[in-house]
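The values are calculated or read from the model by the stated rules, or taken from the named source; none is laboratory data. Source: prediction; values computed, not measured. All Cβ positions, glycine included, derive from the backbone under ideal geometry; neighbour counts span all protein chains shown.
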Amino acid sequence: MPIVNLSIVPELMEGDRDTQYRQISAGITDVIVSSTGAPAGSVHVLINEVSDSRYAVGGTMLRSTRPRD
C-alpha cells in the first residue's frame, strides 16, 4: 500500500483549499497508479498543514519573511 506524505503551508495557498486538496490527492493517486500499477484504493495520501510560523528556510522562519495583512 503506497503512502504519500505531503506537507503544505496553507498561508501560501489561495482559493478553496478543500477543492485544491481533492485535486492534489487525485493527481498524486493517478501518478502512483500509473507508475506502479497499484490499485487506486490502496493509495493513501496524507496532507499535513504546516503553519508558516513552524516552517523555516535557510534558518529563517517563513512567517517573518512574509508581509502581514
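List of remarks:
- Scanning region 47-69 for residues that are without any contact (Cβ under 8 Å) to a residue 24 or more places away in the chain and among the basic types (K, R) returns R54, R68.
- Taken together, the criteria exclude I47 from residues that are modelled with pLDDT of 95 or more, touching a Leu at 6+ places or on another chain (Cβ under 8 Å) and outside any strand (DSSP E or B).
- Condition check for S64: over 16 Å from the mean Cα position of the chain (by Cα) and assigned to a helix (DSSP H, G or I): yes
- Restricting region 1-11 to residues that are more than 23 Å from S64 (Cβ to Cβ) and loosely packed, with under 14 Cβ neighbours inside 10 Å, the residue that is farthest from the chain's Cα centre (by Cα) is M1.
- Taking residues in region 34-46 that are closer than 19 Å to Q20 by Cα, and partners anywhere that are polar (S, T, N, Q) and part of a strand (DSSP E or B), the pairs with Cβ atoms closer than 8 Å and at least 6 places apart or on different chains are L46/N5.
- For region 1-14, residues that are out of contact with any Ser or Thr (no Cβ under 9 Å at 6 or more places or on another chain) and either β-branched (V, I, T) or at pLDDT 95 or above (or both) total 4.
- If only residues of region 12-52 that are in contact with a strand residue (DSSP E or B) (Cβ under 8 Å, 6 or more places away or on another chain) and exposed (fewer than 12 other Cβ atoms within 10 Å of the Cβ) are counted, the one that is nearest to P2 (Cα to Cα) is L46.
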